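Have a look at the structure below, then the notes.
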Amino acid sequence: MATTRKLPVLALLAILPIVFPQGAEGVNVLEVAKDNGASMFASMAGQCPWLANLLENSKEPNGFTVFAFNDKAYSESPPAFRKLIANTQTLQWALEYHVALGPTKSQDIKDNLLVTSLYPSPTSGASLPLQFIRTNIYHVYENDAIHRQVVTASGAQIVAADKIASNGIVHIIDKVMFPLPTGADVVEFIRDDGRFSTLYGFLEKANLTQALMTDPSRPLTVFAPNNQAFTNIPKPIMDKLMTNATYLQDVLEYHVAMGAYYAAGLYDNQTLMSLYRKPLLVQRGVGGIYVQDAKVLQADNTVSNGVVHEISAVMIPYK
Ligand SMILES: *[C@@H]1O[C@H](CO)[C@@H](O)[C@H](O)[C@H]1NC(C)=O
Ligand SMILES: *[C@@H]1O[C@H](CO)[C@@H](O)[C@H](O)[C@H]1NC(C)=O
Ligand SMILES: *[C@@H]1O[C@H](CO)[C@@H](O)[C@H](O)[C@H]1NC(C)=O
């Protein structure tokens with residue numbers, strides 16, 4: 001019988017750390033998120049029955065990767081995000097998008113890796129295909145010589161990586177991953193968003209829509225002038241856009257850069273090559289982010305083949 005072969009207490013103590021390697025058996029991903037400055041994320045996820053049950057009760061080691069926004073990110077989140085999470089169903093959508101099945105450790109993250117999120121879950125009531133989290137690795141220069149690596153998940157910088165829980169991995173991010181993608185590509189996004197109806201009309205007129213429907217592995221960044229930007233164009237330039245197809249195409253191609261450049265990857269004096277093959281100058285300072293003379297008004301719309309930023313002005317490639 002086992003009781004006749006009792007282990008001495010000291011031997012048992014020596015074994016314990018091996019049996020419970022974390023010294024914290026059952027610390028799940030939400031508890032780890034909470035312990036690492038993402039307490040709002042953890043408490044909101046705890047309010048979503050399906051998600052909470054999964055993240056709190058699943059025991060599978062490496063079961064999940066959670067991109068948990070920290071409390072500062074929550075406090076800085078935009079009004080549209082606050083509105084989304086005020087409803088329990090859409091709260092779950094927002095949080096599901098921050099979770100993926102299986103382990104994606106920092107060593108697995110590559111530029112333009114697409115990680116399948118849990119959004120939309122079978123219980124969420126959203127009729128979409130599963131949405132991707134795009135990871136990026138940027139080299140952001142602070143001046144000519146010094147640069148730092150910035151790793152992002154759908155544009156949110158990972159500020160603390162690889163926090164191990166009993167049932168997964170937690171990365172802490174400094175921004176909420178918002179707006180939620182819908183599966184639209186850059187063209188569909190521009191078509192479906194009322195801010196960009198003039199731009200969409202011109203893209204169609206220039207026969208550029210097909211060229212912008214690239215594969216998700218060949219992402220694009222579109223600096224999308226809003227409707228107001230087009231109404232601000234001087235009449236002679238507007239006339240040329242309307243009448244000269246080459247001119248229109250050149251101008252539109254100047255608004256598209258090759259690669260997925262979320263705001264976190266944009267730095268002062270950076271140049272991005274446009275589809276028009278002329279560089280775009282990025283300027284970044286206390287006043288925000290500018291591309292040429294256009295201000296980035298609303299950044300980081302994740303689309304299936306890249307990212308769309310709303311800008312304030314139409315950029316003309318020749319002076
Ligand atoms: C960007 O370029 C301007 C003009 O050359 C310069 O004054 C500024 O210091 C540069 N910014 C950085 C971060 O190097
Ligand atoms: C429109 O662009 C596509 C490629 O993006 C091309 O195949 C097609 O021939 C173009 N149509 C016209 C009318 O130029
Ligand atoms: C149309 O625009 C192109 C590009 O700016 C220019 O080279 C060409 O001369 C223009 N054509 C006319 C008829 O103005």
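The values are calculated or read from the model by the stated rules, or taken from the named source; none is laboratory data. As the structure is a prediction and not an experimental result, all values here were calculated from the model. Don't worry about glycine lacking a Cβ; one is built from the backbone with ideal geometry, like all the others, and counts go over all protein chains shown. Side chains included, ligands, DNA and RNA excluded: accessible areas come from the protein's heavy atoms. Shrake-Rupley method; radii C 1.70, N 1.55, O 1.52, S 1.80 Å.
Report yes if residue 226 is among the polar types (S, T, N, Q), in contact (Cβ under 8 Å) with a residue 24 or more places away in the chain, under 30 Å from residue 174 (Cβ atoms) and away from ligand 3 (no atom under 16 Å from the Cβ), otherwise no.
yes
Yes or no: segment 178-191 includes at least one residue that is crowded, with 16+ Cβ neighbours inside 10 Å and over 22 Å from the mean Cα position of the chain (by Cα).
Checked segment 178-191: no residue is crowded, with 16+ Cβ neighbours inside 10 Å and over 22 Å from the mean Cα position of the chain (by Cα).
Can you name the residue in segment 246-280 that is among the polar types (S, T, N, Q) and open to solvent by 40 Å² or more (accessible area, probe 1.4 Å) and is also nearest to ligand 2 (Cβ to nearest atom) among such residues?
Only one residue fits best here, namely 249.
I'm checking my understanding of the structure. Among residues of segment 141-159 that are open to solvent by 90 Å² or more (accessible area, probe 1.4 Å) and free of Cβ contacts under 8 Å to residues at least 12 places away in the same chain, which one is nearest to ligand 3 (Cβ to nearest atom)?
Among residues in segment 141-159 that are open to solvent by 90 Å² or more (accessible area, probe 1.4 Å) and free of Cβ contacts under 8 Å to residues at least 12 places away in the same chain, the one nearest to ligand 3 (Cβ to nearest atom) is 144.
Could you tell me whether any residue of segment 164-172 is touching an Asp or Glu at 6+ places or on another chain (Cβ under 8 Å), within 28 Å of residue 270 (Cα to Cα) and open to solvent by 50 Å² or more (accessible area, probe 1.4 Å)?
no
For (1) more than 16 Å from ligand 1 (Cβ to nearest atom); (2) touching a Leu at 6+ places or on another chain (Cβ under 8 Å); (3) among the acidic types (Asp, Glu), each residue gets a yes or a no:
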{"site": "270", "(1), (2), (3)": "no, yes, no"}
{"site": "274", "(1), (2), (3)": "yes, yes, no"}
{"site": "278", "(1), (2), (3)": "yes, no, no"}
{"site": "317", "(1), (2), (3)": "yes, no, no"}
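Considering every residue within segment 222-245, establish whether at least one is open to solvent by 10 Å² or more (accessible area, probe 1.4 Å) and in contact with a strand residue (DSSP E or B) (Cβ under 7 Å, 6 or more places away or on another chain).
Checked segment 222-245: at least one residue is open to solvent by 10 Å² or more (accessible area, probe 1.4 Å) and in contact with a strand residue (DSSP E or B) (Cβ under 7 Å, 6 or more places away or on another chain).
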